[in-house]
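Undergrad: Dropping the structure in here first, questions after.
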Amino acid sequence: MFRELEGMKAQMELLKEKLEKQEIVKEQHLRNAIKGKLGEINRIAVRMILVGLFAMVYCTWMLNHLGFSLSYRVVTIVMLSFCTLATYVQHKNLLKARDLSSDLVKETFDLLKLKKRYNSWLKFALPMIVVWCSWLAYEVLYVIPDRGVGLSLLIGAAVGVVIGGFVGLKIHFGTLKKIDEMLTQIKELKGE
């Protein structure tokens, strides 16, 4: 009887060790999944910032070359600068290399803050794009001296707005989905 109890005790200890190892493996798997999604979000943010910087330089040159008014050129550059800076500010805490082994509460807070900013960004960006595109149409129709170039530019801009809008919304909602997935995984890690 005593041997059987010793055997059962040894088996219980072995099972307990296996369960602890599985929990560690599960936790490491969740942390790696979170890091992967965080890396994807960061790569997208860096690309958007680089595109914004390129657009500022390119638009400065192109709008001047095509004969757009100074006020439209300045507003365009200010808008692009603001959007690029806003992207950096929204992602700045997540762009820092994180270990994820320390403060899951801070990670959760930063993700919730980013999600809130992403949700409110469209309320600002969409009206801004409508005003900017309307002004673009005015510039093309009444300011640019060459009507052929102006109308070609207007058609190109319309196609660009549709494609850019589709890509932008896909990135926007994809990022929100990744944030929700990471928040769910963090809850699992915290045991909630």
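Undergrad: Please verify whether L114 is within 19 Å of the chain's Cα centre (by Cα), hydrophobic (A, V, I, L, M, F, W, C), at pLDDT 90 or above and surrounded by 13 or more Cβ atoms within 10 Å (Cβ to Cβ), treating the condition exactly as stated.
TA: On the way: within 19 Å of the chain's Cα centre (by Cα): yes; hydrophobic (A, V, I, L, M, F, W, C): yes; at pLDDT 90 or above: no; surrounded by 13 or more Cβ atoms within 10 Å (Cβ to Cβ): yes.
The answer is no for L114.
Undergrad: Related question: Got a number for residues in the stretch 82-94 being open to solvent by 30 Å² or more (accessible area, probe 1.4 Å) and touching a Gly at 6+ places or on another chain (Cβ under 8 Å)?
TA: 1
Undergrad: Further question on the same structure: Please state which of the following conditions I144 fails to meet, knowing it meets all the rest: (1) open to solvent by 70 Å² or more (accessible area, probe 1.4 Å); (2) outside any helix (DSSP H, G or I).
TA: (1)
Undergrad: Moving on. Would you check if there is a residue in the stretch 172-182 being surrounded by fewer than 12 Cβ atoms within 10 Å (Cβ to Cβ), out of contact with any Pro (no Cβ under 7 Å at 6 or more places or on another chain) and either more than 27 Å from L30 (Cα to Cα) or at pLDDT below 85 (or both)?
TA: Within the stretch 172-182, not a single residue is surrounded by fewer than 12 Cβ atoms within 10 Å (Cβ to Cβ), out of contact with any Pro (no Cβ under 7 Å at 6 or more places or on another chain) and either more than 27 Å from L30 (Cα to Cα) or at pLDDT below 85 (or both).
Undergrad: Six or more apart or on different chains, Cβ under 7 Å: which pairs go from a residue in the stretch 127-140 that's in contact (Cβ under 8 Å) with a residue 60 or more places away in the chain to one that's assigned to a helix (DSSP H, G or I)? Could you list them?
TA: That search, which allows pairs on different chains as well, returns W135/Y72; L136/A157; E139/Y72.
The values are calculated or read from the model by the stated rules, or taken from the named source; none is laboratory data. Since the model is a prediction, treat every value here as computed from it, not as a measurement. With ideal geometry, Cβ positions are generated from the backbone for all residues, glycine too; neighbour counts draw on all protein chains shown. Side chains are part of the model used for accessible areas, which takes the heavy atoms of the whole protein and leaves out ligands, DNA and RNA. Shrake-Rupley method; radii C 1.70, N 1.55, O 1.52, S 1.80 Å.
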